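One structure below.
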Protein chains: 2
Amino acid sequence: MRRTGWTAVIRGGMLAALVCAAMLGAAAPVAAQGTTQGAAAAVAPVADPLPSWNEGAAKRAILDFVRATTDPAGAGFVPLPDRVATFDQDGTLWVEHPVYTQVLYAFARLRVLAETKPELKQAEPFRTVLSGDRDAIARLPLHALEKILAVTLTGMTVEAFQADVAQWLDTARDARWQRRYTELTYQPMQEVLAHLRANGFRTYIATGGGQDFVRVYAGTVYGIPPEQVVGTAGATSYGYDAAGRPVLTKEPKLLLDDNLAGKPEGIHLMIGRRPHAAFGNSTGDRQMLEYVGAGAGPRLAMLVLHDDAAREYAYGPALGLPDTEVGTFTPQLYEEAGRQGWTVISMKADWKRLFAFEP
Amino acid sequence: MRRTGWTAVIRGGMLAALVCAAMLGAAAPVAAQGTTQGAAAAVAPVADPLPSWNEGAAKRAILDFVRATTDPAGAGFVPLPDRVATFDQDGTLWVEHPVYTQVLYAFARLRVLAETKPELKQAEPFRTVLSGDRDAIARLPLHALEKILAVTLTGMTVEAFQADVAQWLDTARDARWQRRYTELTYQPMQEVLAHLRANGFRTYIATGGGQDFVRVYAGTVYGIPPEQVVGTAGATSYGYDAAGRPVLTKEPKLLLDDNLAGKPEGIHLMIGRRPHAAFGNSTGDRQMLEYVGAGAGPRLAMLVLHDDAAREYAYGPALGLPDTEVGTFTPQLYEEAGRQGWTVISMKADWKRLFAFEP
């Protein structure tokens, strides 16, 4: 049996330990570098659609792909309706360490829920999470975390969920940069999204995170509308409120596990055609890149490697980088990238600056 | 437990009886009328976006809705991204009687399958269907039909399925008009699709039929791309073929039952926003119309009533029309339409001509 969404790549209580670290700000802030690089970006020619990228194989691969697919006289021309690109979100479009933003939202929501449902304070695993006992939270088994996600992300109307997520995103700050999570998107990837769209591509998110969660901010943060967010999706149930108005209520039943093999499966379900470009950063994206790469004509498959502890985080364990349970980039994946002709993006070498808020 | 897709509104062996009627051409051809009406359409002013519609409340409702939602100075203006309209397919965009086209495809495919898998000829319920014994087929229980759909529509790659459906659609002919099924689309509804799109609406199909089945022809027949077809969807499984190439295989596991309450649920899953217009023709569309109608601002909700035995079929049982198991329009639905302000389209009174192939 496959595990659910992110939990598929997370073992036991490791996630909980990371959650604690994130909640308590244990990840010490590291002064953002790249001021010089930011200045370099500022003097880049206006015509450069990717000013936050250093010159190199990765930047060249993107520009070459767009040129090849949009040249009507070229052999690689792709008609407009087929110009589809899919992007993993956590770790590819925005920061995923020390832990996924949605898990932090679920923990925050549990604390709010406990105010009106005091029985949660007595029942496990909620009592443990609410206790703030880091060691105990770290020992929580996987099914306990799934129970927390089920309780905190379901049972309300889709509109109530959207409003609650929007409010949390507006007030919560990450421990390292003290910024809204929605500010922690990678400027180089925003430029890729914009460049692809300027050339007729429709950009989709294909995330192991919750489809409804990501939809709340995908429009304002990435310019990606709700119908172009493919994610791990739970069922909703249609019914009527006290006034007899139709409502859709979020249910704790999994419809689509959009991770690993679930990514190409979700792409088929939601899009119904094979994308020409795909971007990821972990083993959860492998099958999506394989699927995209196996199509005819020009295909662009890229993986972001987090090798920049100074400006963001460094994790692999590919290339000897520290191992991680969140966004694992294994040596096997690195090897497959080489074999398949996928481009690995070095955050450290390829990106001039990481965030729009950097000088 | 809800039944699957169409089968939710079909009782027991009734569907099988109808299938037999369709296969054997028992529905006697009726000479298409409306030649005069066709001529009238030809002299309609070019500026009329709905030339196949007679003047009346239904045509007016469509034109008024489009005017209201696209007038930037009006109170009912709808921004471009929110211009979404959903259309049921069977009975709303094309002919569904005497039985759904996809069921005929499944029966045809069973005959082909039996050539390479002779064991099917010995096993029930396949033996019964292959026997051609109308009475025996009519007595098949519901789960037998579901078994037939599972066997015939799964187990192949999505590409193989697409190719097979396309070939069948190209060669099969309906018993009454002796036309390809893809020619049996309603010209008045094609004009509604075009008029909405010309005014910035994105047109989606929301069908109880198979999502992958409808996607095969939605592009050429309706101008609707695969990502805008929401339908009853089965799982696929990602794997590799003998050459190691990634493939998606269709599995006999239901992901989305896109009928009744499943329509708004499917719309939320696939689109993530509430449409401003919805079109249906049966009880299977009720919840979709309720959901669409309950939103703020101008909303258009319409139901096609098949009251034209001469040019197509007549069934209800609303308004005393003959009862049916396929595309049931109950008196309760008719009553709700009046109460909710939905517009009922009378095929007989509102449509000048039905098909593009009519003179």
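Derivation of every value follows stated rules applied to the coordinates shown; laboratory data play no part. Since the model is a prediction, treat every value here as computed from it, not as a measurement. All Cβ positions, glycine included, derive from the backbone under ideal geometry; neighbour counts span all protein chains shown.
What is the order of A:325, A:265, fewest Cβ neighbours within 10 Å to most?
Ascending Cβ contact count within 10 Å gives the list A:325, A:265.
Please list, ordered by chain and number, the residues whose modelled amide H lies under 5 Å from the amide H of residue B:300; skip anything fewer than 5 residues away on the same chain.
Residues meeting the amide H criterion: B:277, B:278.
Using a cut-off of 26 Å between alpha-carbon atoms, which lysines can reach residue A:117, once sequence neighbours fewer than 8 places away in the same chain are excluded?
A:147, A:250, A:253
When B:212, B:88 are ordered from fewest to most other Cβ atoms inside 10 Å of their Cβ, what list results?
Working: B:212 23, B:88 28.
Ascending Cβ contact count within 10 Å gives the list B:212, B:88.
Using only the Cα atoms, work out Rg/Rh for chain B, with Rh taken as the Kirkwood radius, to two decimals.
Taking Rg over the Kirkwood Rh, I get 0.97.
How much mean residue ellipticity at 222 nm does chain A get from its helices, if each DSSP H run of length 4 or more adds -39500 (n - 2.57) and you divide by all residues, to the nearest 500 deg cm²/dmol?
Estimated from H runs of four or more residues: -11500 deg cm²/dmol.
Report the local net charge at residue B:352: Lys and Arg +1, Asp and Glu -1, summed over other residues whose C-beta lies under 13 Å from its C-beta.
For residues surrounding residue B:352, the net value is -2.
Report, by chain and number, residues whose modeled amide H sits under 5 Å from the one on residue A:224, excluding near sequence neighbours (fewer than 5 apart, same chain).
So residue A:224 has HN proximity to A:219.
Per residue of the range A:88-95, in order, report the coupling 6.51 cos²θ - 1.76 cosθ + 1.60 (Karplus, θ = phi - 60°) as ³J(HN,Hα) in whole Hz, putting x for Gly and Pro.
Calculated HN-Hα couplings, in order: 4, 9, 4, x, 10, 9, 8, 5 Hz.
Can you give me the long-range amide H partners of residue B:247? Hydrogens built in the peptide plane at 1.01 Å from N, cutoff under 5 Å, separation of 5 or more residues or another chain.
For residue B:247, the qualifying residues are B:239, B:240, B:241.
Would you kindly work out, in nm and rounded to one decimal, the distances from the label point of residue B:77 to those of the same position in each other copy, ordered shortest first, with label points 7 Å along Cα-to-Cβ?
Spelled out, the distances from residue B:77's label point are 3.8 nm.
For the range B:263-323, what percent of Cα pairs sit more than 16 Å apart?
52 percent
Starting from the Cα of residue A:121, draw a straight line to each of the aspartates and glutamates and keep only those under 14 Å, dropping any in the same chain fewer than 8 residues away.
The qualifying aspartates and glutamates are A:133.
Express the C-alpha Rg of the range B:211-359 as a ratio against the empirical globular expectation 2.2 N^0.38 Å, rounded to two decimals.
Dividing the Cα Rg of the range B:211-359 by 2.2 N^0.38 Å gives 1.25.
Using Cα pairs closer than 8 Å and at least 6 residues apart in sequence, work out the relative contact order for chain B, in percent.
25 percent
Which whole-number percent gives the relative contact order of the range B:245-359, counting Cα pairs below 8 Å spaced six or more residues apart?
Taking the mean separation of contacting Cα pairs over the length of the range B:245-359, I get 20 percent.
Evaluate the charge dipole of the protein assembly as shown about its Cα centre and quote only its size in Debye, nearest 20, assuming +1 on the Cβ of each Lys and Arg and -1 on the Cβ of each Asp and Glu.
Numbers: 70 positive and 76 negative charges, 17 e Å.
With only Lys, Arg, Asp and Glu charged at Cβ, the dipole is about 80 debye.
When Rg is the radius of gyration of the Cα atoms in the range A:280-359 and Rh is its Kirkwood radius, what does Rg/Rh come to?
Working: Rg = 13.3 Å, Rh = 13.2 Å.
A ratio of 1.00.
Working from the alpha-carbon coordinates of the range A:100-253, get Rg over Rh, Rh being the Kirkwood radius. Don't skip to the end; give the middle numbers.
Details: Rg = 17.4 Å, Rh = 17.3 Å.
That ratio is 1.01, to two decimals.
Hey, got the average number of other protein chain Cβ atoms within 10 angstrom for residues in B:263-273?
Counting Cβ atoms of other protein chains within 10 Å of each residue's Cβ and averaging gives 6.
Once label points are set 7 Å from the Cα along Cα→Cβ at both residue A:310 and residue B:237, what is their separation, rounded to one decimal in nm?
Each label point is offset 7 Å from its Cα along the Cβ direction, giving 4.9 nm.
Spin-label point model (7 Å from Cα, Cβ direction): what's the residue B:134 to residue B:245 distance in nm?
With each label point 7 Å from Cα toward Cβ, the separation is 4.5 nm.
Determine, for each peptide in B:256-264, B:223-231, the mean count of other beta carbons within 10 angstrom over its residues, then list the peptides with the highest first.
The most tightly packed comes first, giving B:256-264, B:223-231.
Could you work out how far apart the two model spin labels at residue A:199 and residue B:273 are, taking each label as a point 7 Å from the Cα in the direction of the beta carbon, and quote it in nm?
Between residue A:199 and residue B:273, the simple spin-label model gives 2.7 nm.
From Cα pairs below 8 angstrom and at least 6 apart in sequence, can you work out the relative contact order of the range A:95-201, rounded to a whole percent?
25 percent
Show me the three semi-axes of the equivalent ellipsoid for the range B:50-179, from the C-alpha gyration tensor (sqrt of 5 times each eigenvalue), largest first, rounded to whole Å. Walk me through the intermediate numbers first.
Values: eigenvalues 371, 64, 39 Å².
Each semi-axis is the square root of five times an eigenvalue, giving 43, 18, 14 Å.
Students often forget the sequence filter, so: which lysines lie under 23 Å Cα-Cα from residue B:348 once same-chain residues fewer than 8 apart are removed?
The reachable lysines, counting only those whose Cα sits under 23 Å from residue B:348, are B:59.
Hey, got the dipole for the range B:222-359? About the Cα centre, +1 on K and R Cβ, -1 on D and E Cβ, debye to the nearest 20?
Numbers: 13 positive and 17 negative charges, 85 e Å.
Roughly 400 debye, rounded to the nearest 20.
Any idea what the dipole of chain B comes to, in debye rounded to 20, about its Cα centre with Lys/Arg Cβ at +1 and Asp/Glu Cβ at -1? Please list the in-between numbers first.
Details: 35 positive and 38 negative charges, 38 e Å.
Value, rounded to 20: 180 debye.
Quick one: in the protein assembly as shown, what % of C-alpha pairs are over 50 Å apart?
18 percent
Residue by residue through the range A:146-152, which ³J(HN,Hα) values in whole Hz follow from phi under the Karplus form 6.51 cos²θ - 1.76 cosθ + 1.60 (θ = phi - 60°), with glycine and proline marked x?
With coefficients 6.51, -1.76 and 1.60, one gets 5, 5, 5, 4, 5, 6, 8 Hz.
Please check which bits of the range A:48-69 a label hung off residue A:356 would reach, taking the label as a point 7 Å along Cα-to-C-beta and the cut-off as backbone N under 17 Å.
Label zone hits: A:49-53.
Placing +1 on the Cβ of each Lys and Arg and -1 on the Cβ of each Asp and Glu in the range A:267-359, which of A:279, A:354, A:300 has its Cα farthest towards the positive end of the resulting dipole?
Going by the Cα projections, it comes out as A:300.
Sort A:288, A:156, A:189 by Cβ crowding within 10 Å, fewest neighbours at the top.
A:156, A:189, A:288
Binning every alpha carbon pair distance of the range A:172-239 at 10 Å from zero, what are the percents per bin?
Histogramming the range A:172-239 at 10 Å steps yields 19, 44, 29, 8, 1 percent.
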